[in-house]
Amino acid sequence: MTVEADPVLVEKRLASGQLTCPGCEESLRPWGWARAREVHGIAERLRPRRVRCAACLVTHVLLPVSVLLRRGYAAEVIGAAVTARAAGAGHRPIGQWLRVPSATVRGWLRRLAARLEPARVVLVQVAVRAGVDVGVPTGLGCPWRDLLAALGAATAALTGRFGPVGVLGPVTAWQVAAACSAGRLLAPGWPMMAGNTSRL
């Protein structure tokens, strides 16, 4: 489950019963912690909260919106690589610029390249659902730039509706991407089908 980046706010919401199970909608309860890890681009070690549903007894890990599932790099770092790719840079210069192994950057870009259009559709649907009179961004002739345009529209719609600083704190485009994909932007199987936003 994707939650805000501030662990203090996560604990407050958890204690007050505001976090519910995605499977049965019952309240989640604290259930220890996931393994602590270093994440490139985040100053402190990440130690996500583990929770358990009071009704169905399923456990979940609360993943901050600042990271993606099973990635050792912050969403903003991965987003910077995608933005540079949309501007025409290759994986080697991007890796040097971000101080990330070029093979890692190549893996991110290849994974996202295989789902650019379905991801764009999901982001446009989020923009249309969250915004008022939001139009589909005009095609820019490049699938990478089209994805960024859709992400910009989704970010503008969400911040326009809920404000640029809300429950999540200051909202960035790559936090929106992480939230819209439930942290699975680069994970296998996302989106399950073009336009699937049932988990948003």
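The values are calculated or read from the model by the stated rules, or taken from the named source; none is laboratory data. These numbers were taken from a predicted model, which means no experiment stands behind them. Because the Cβ atoms are built from the backbone with ideal geometry, glycine has one as well, and the counts that use them run over all protein chains shown.
Kindly provide the set of residues from the range 116-128 that are crowded, with 16+ Cβ neighbours inside 10 Å and in contact with an Asp or Glu (Cβ under 9 Å, 6 or more places away or on another chain), ordered by number. The answer is LEU116, ARG120.
For the range 167-188, filtering for residues that are at pLDDT below 90 and at positive phi leaves 1.
Do you know which residues across the range 129-152 are buried (at least 17 other Cβ atoms within 10 Å of the Cβ) and in a helix (DSSP H, G or I)? Once the filter is applied, which keeps residues that are buried (at least 17 other Cβ atoms within 10 Å of the Cβ) and in a helix (DSSP H, G or I), the range 129-152 yields ALA130, TRP144, ARG145, ASP146, LEU147, LEU148, ALA149, ALA150, LEU151.
Among residues of the range 114-133 that are within 12 Å of LEU158 (Cβ to Cβ), those with a Cβ under 8 angstrom from a residue that is outside any helix (DSSP H, G or I) and not aliphatic (A, V, I, L, M), sequence gap 6+ or separate chain, pair up as VAL126/THR197; ARG129/THR197.
Quick check: anything in the range 21-43 of a type in the set (Ser, Thr, Tyr) and at pLDDT below 95?
Initially, the range 21-43 is screened for residues of a type in the set (Ser, Thr, Tyr), giving 27.
Narrowing further to those that are at pLDDT below 95: 27.
Within the range 21-43 (the criterion being of a type in the set (Ser, Thr, Tyr) and at pLDDT below 95), the answer is yes, since at least one residue qualifies.
At least 3 residues being without any contact (Cβ under 8 Å) to a residue 60 or more places away in the chain and crowded, with 18+ Cβ neighbours inside 10 Å is the threshold, and among the strands (runs of 3 or more DSSP E) wholly inside the range 1-111 those reaching it are 49-53.
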